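Taking it in order: structure first as structure tokens, then the write-up.
The values are calculated or read from the model by the stated rules, or taken from the named source; none is laboratory data. Nothing here was measured: the structure is a model prediction, and the numbers come from that model. Cβ: placed from backbone, ideal geometry, glycine included. Neighbour counts: every protein chain shown.
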Amino acid sequence: MHIGINQASFNPNGITIPNGCFFGFPYGVEEAAIVLLPVAWDVTTSYREGAANGPQAILDASVQLDWYDFDLPQAWQTKCGTIPMNSDIQEQNRAIRAIAKLIIEHLESGGKVDDHAIAKQLATVNQASATLNHWVYTQSLELLEQGKLVGIVGGDHSVPLGLMQALAQKYEDYGILHIDAHADLRQAYEGFTYSHASIMHNALKLPQISRLVQVGIRDVCEAEMAMVKSDERIVMFDDWQLKANTYQGIPWATQCDKIISNLPDKVYISFDIDGLNPSYCPNTGTPVPGGLEFNEAIYLLRSLVQTGKRIIGFDLCEVAPGELGDEWDGNVGARVLYKLACLQRFQVSL
């Protein structure tokens with residue numbers, strides 16, 4: 001368990017000293033109201049890997065932020081703690097990712113998911129992903145039982161399932177605000193039961209999730225759209241329509257009101273960084289043209305809190321660093337994470 005630096009030594013107007021905590025904040029897990037759990041895992045990434053390095057990239061960039069927040073005075077006093085990076089998971093990710101790549105290469109060369117040649121390898125990947133999910137679940141449930149609000153820092157988008165499952169143990173009903181370029185409704189994409197492209201398909205198996213509101217979607221398959229049309233819990237605000245509304249003069253504030261009106265009182269935020277315009281996340285695994293501007297996304301989150309709906313948890317996934325010296329993705333990811341972390345205190349202050 002991580003203990004931060006002494007609180008008296010933290011100067012919000014001076015240089016931030018790296019201490020192993022996101023933002024260099026001086027709060028240990030025991031005293032924290034919000035706990036960030038980094039999950040360095042990108043085993044099932046289907047295009048460009050690197051999201052497993054996202055938590056470290058965000059951590060490194062996070063100490064370079066300035067701490068004044070225009071919505072929340074003294075936002076840096078948000079008691080946000082950090083679970084240390086798990087080296088065993090990082091090592092397991094490297095090993096299992098190598099196996100997953102062989103499966104993907106088999107499929108890309110014309111092979112089938114049910115081919116005997118990859119059956120053992122596929123079972124290995126799926127079991128490792130199930131084990132990872134259980135670890136996230138147990139870590140999250142323990143923190144929730146201590147009264148903490150938990151935020152997952154991925155990693156690919158498969159990693160927050162365990163937190164969603166833990167929240168389903170705590171709450172009888174909640175909704176998900178899902179910001180993403182992709183619907184992530186595929187069933188066992190590429191044979192991987194817990195694929196990053198299947199997170200919302202798997203989440204909807206939880207009966208406690210009463211609504212899934214998807215924003216910024218612009219890259220989907222026909223099977224996913226069929227699921228959207230057949231499951232009344234899913235409400236999609238695709239990027240094409242959002243942009244058309246804007247071009248026709250409908251203010252973003254009005255569109256945000258409509259998005260938020262579809263959510264229940266308790267809301268989990270699942271933020272895939274590729275929901276943003278790829279100029280903000282050029283190294284993410286599956287970038288797609290279009291998307292939300294940074295300030296549009298922040299305005300949506302801010303508007304959500306102002307309605308009085310309660311945020312019960314969140315994740316930030318698919319941040320991937322660029323080449324050595326290219327810290328842009330980590331920089332943007334750190335700023336999104338800071339806003340997500342401060343929202344809990346912001347909603348209390350309203």
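If you check A203, A168, A181 for being touching a helix residue (DSSP H, G or I) at 6+ places or on another chain (Cβ under 6 Å) and either under 24 Å from R310 (Cβ atoms) or of a type in the set (V, I, T) (or both), only one passes: A203. Which condition from (1) out of contact with any helix residue (DSSP H, G or I) (no Cβ under 7 Å at 6 or more places or on another chain); (2) more than 21 Å from W76 (Cβ to Cβ); (3) modelled with pLDDT of 95 or more is the one that L324 breaks? Only one criterion in (1) out of contact with any helix residue (DSSP H, G or I) (no Cβ under 7 Å at 6 or more places or on another chain); (2) more than 21 Å from W76 (Cβ to Cβ); (3) modelled with pLDDT of 95 or more is unmet by L324, namely (3).
Yes/no per residue for (1) over 23 Å from V220 (Cα atoms); (2) buried (at least 22 other Cβ atoms within 10 Å of the Cβ); (3) under 15 Å from the mean Cα position of the chain (by Cα):
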{"position": "Q74", "(1), (2), (3)": "yes, no, no"}
{"position": "M85", "(1), (2), (3)": "yes, no, no"}
{"position": "H116", "(1), (2), (3)": "yes, no, no"}
{"position": "V159", "(1), (2), (3)": "no, yes, yes"}
{"position": "Y171", "(1), (2), (3)": "yes, no, no"}
{"position": "L185", "(1), (2), (3)": "no, yes, no"}
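Looking across the range 306-328, the residues that are in a loop (DSSP other than H, G, I, E, B) and buried (at least 21 other Cβ atoms within 10 Å of the Cβ) come down to E318, V319, A320, P321.
Count of the range 145-194 residues, restricted to those that are under 26 Å from T45 (Cβ atoms), hydrophobic (A, V, I, L, M, F, W, C), in contact with a strand residue (DSSP E or B) (Cβ under 8 Å, 6 or more places away or on another chain) and touching a residue at least 60 places away in the same chain (Cβ under 8 Å), is 11.
Here P289 passes the criteria (1) assigned to a loop (DSSP other than H, G, I, E, B); (2) closer than 22 Å to L337 by Cα except the one numbered (2). When I269, I260 are screened for being within 20 Å of the chain's Cα centre (by Cα), among the hydrophobic types (A, V, I, L, M, F, W, C), surrounded by 13 or more Cβ atoms within 10 Å (Cβ to Cβ) and part of a helix (DSSP H, G or I), only I260 passes. Pairing residues of the range 106-134 that are within 22 Å of D42 (Cβ to Cβ) and without any contact (Cβ under 8 Å) to a residue 24 or more places away in the chain with residues that are of a type in the set (S, T, Y) and not in a helix (DSSP H, G or I), at Cβ distances under 6 Å and at least 6 apart in sequence or on separate chains, gives no pairs at all. Can you say whether L37 is surrounded by 13 or more Cβ atoms within 10 Å (Cβ to Cβ) and not in a helix (DSSP H, G or I), as far as the supplied structure shows? Answer is yes for this residue. Residues in the range 329-347: is at least one in a loop (DSSP other than H, G, I, E, B) and either touching a strand residue (DSSP E or B) at 6+ places or on another chain (Cβ under 8 Å) or crowded, with 24+ Cβ neighbours inside 10 Å (or both)? The answer is no; no qualifying residue exists. Restricting the range 272-305 to residues that are surrounded by fewer than 18 Cβ atoms within 10 Å (Cβ to Cβ) and aromatic (F, W, Y), the residue that is nearest to the chain's Cα centre (by Cα) is F294. Evaluated against (1) under 18 Å from the mean Cα position of the chain (by Cα); (2) surrounded by 15 or more Cβ atoms within 10 Å (Cβ to Cβ); (3) at pLDDT below 95, R48 falls short on exactly one condition, (2). When the range 80-105 is filtered for residues that are of a type outside the set (S, T, Y) and in contact (Cβ under 8 Å) with a residue 60 or more places away in the chain, the ones remaining, listed by number, are C80, G81, I83, P84, A100, I103, I104.
Considering only the range 65-85, I want to know if a residue exists there that is part of a helix (DSSP H, G or I), at pLDDT 95 or above and among the hydrophobic types (A, V, I, L, M, F, W, C). No.
For the range 306-333, taking the residues that are among the small types (G, A, S) and under 18 Å from the mean Cα position of the chain (by Cα), the one that is nearest to W41 (Cα to Cα) is identified as A320.
Within the range 238-257, being outside any helix (DSSP H, G or I) and surrounded by fewer than 18 Cβ atoms within 10 Å (Cβ to Cβ) holds for Q248, G249, I250, P251. Of the residues making up the range 194-206, not a single one is more than 18 Å from the chain's Cα centre (by Cα) and polar (S, T, N, Q).
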